[in-house]
Amino acid sequence: MKNIYFSDITAWAPGLGSDKELWQEWANDIIPIEQKKVSPKLEYTDPLFRRRLSQITKMTVHVIHNLLENTHISSETKIVFISQRGEIEREFTINQGLIEDNMILPAGFSLSVFNTPVSSATLAFGLKGGYSVIYPSKGNFKDAFKLASAPVLAGTEKDIILVYADEIVPEVYGEKRPLQNYPLAFAGIISSEEKDYCISFDDFSNVPESPQDFLKLMLK
C-alpha cells in the first residue's frame, strides 16, 4: 500500500472547546471531555441557520469551519463524514412522535437524517465537492478510516476532508447509555502528499478502532 498522510487536525468538545493546550492535556489523560450537552456558538453563521441545529451538527459545522480557516483546502474537496450514532436525540424524538402521535413532522425529520451534520456544513460554507456518510459496524473507526481513504489510495482524489462527530447520548436511554459517552468532533485532511505536521500511514495496522484513540494518536 502506498503511503497516505493525515494532517491539519482540528477538534471541539465540551470543556475543551478548540483550545490546543487543553486538547494536549486530554490526549495525555490529564483532563476529560465533559459529558454535557453544550455546543459551539457558531457566531460566524446566520442566527436563523444555527437556531435549530443539534449538538452533533453544531460541532461538525465548527470543526469544518476551523479546517477551512486554517488551510488552503479547496471548496471542491470531497468530504467523508463518520459517526457512530448520528442525530441520536432527534431520532429518538422522531420515534417517540411516531409511537405516541402516529405522525412525523417533515421539518423534524429533515434534521434527523444521517447526513444532516455534514450537509449543514456544506450549506453554511458553500462547499461543492460532495460528501459521503459512513456509519461503521459496531462503531469501528478503523474500518471507516479505511473506506474514507480509498479514493486517495486509488488515485482518484488527491485530498479528502475527513470528519468524525458524535453527540452525547440522552439520559432517556438510561442504563443503555454507553460508558464512553463523550461528545466530540474532529476534522482533518487525508492526502496523497506529505504535509507539515502530518502522520503517515503505510498500512492500517496502527489505526485504532476507537475515534478517541485515533484522535489521541494524532495529537501526541
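The values are calculated or read from the model by the stated rules, or taken from the named source; none is laboratory data. All values derive from a computational prediction rather than experimental measurement. Cβ coordinates were reconstructed from backbone atoms using ideal geometry, including for glycine residues, and neighbour counts include every protein chain displayed. Side chains are part of the model used for accessible areas, which takes the heavy atoms of the whole protein and leaves out ligands, DNA and RNA. Shrake-Rupley method; radii C 1.70, N 1.55, O 1.52, S 1.80 Å.
At-a-glance table
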item	result
Which listed residue, of Gln24, Gln35, is in contact (Cβ under 8 Å) with a residue 24 or more places away in the chain, open to solvent by 70 Å² or more (accessible area, probe 1.4 Å) and outside any loop (DSSP other than H, G, I, E, B)	Gln24
Selection from the stretch 60-100 of residues that are modelled with pLDDT of 90 or more, open to solvent by less than 50 Å² (accessible area, probe 1.4 Å) and part of a helix (DSSP H, G or I)	Thr60, Val61, His62, Val63, Ile64, His65, Asn66, Leu67, Leu68
The lone exception for Leu179 - which of (1) open to solvent by 40 Å² or more (accessible area, probe 1.4 Å); (2) at pLDDT 90 or above; (3) over 22 Å from Ser39 (Cβ atoms); (4) of a type in the set (A, V, I, L, M) it fails	(2)
Yes/no for Lys138 being charged (D, E, K, R), touching a helix residue (DSSP H, G or I) at 6+ places or on another chain (Cβ under 7 Å) and either modelled with pLDDT of 90 or more or exposed (fewer than 13 other Cβ atoms within 10 Å of the Cβ) (or both)	no
Verdict on Ala144 being farther than 18 Å from Phe214 by Cβ, touching a residue at least 24 places away in the same chain (Cβ under 8 Å), not charged (D, E, K, R) and not in a strand (DSSP E or B)	no
Flag if Ser191 is of a type in the set (Ser, Thr, Tyr) and buried (at least 18 other Cβ atoms within 10 Å of the Cβ)	yes
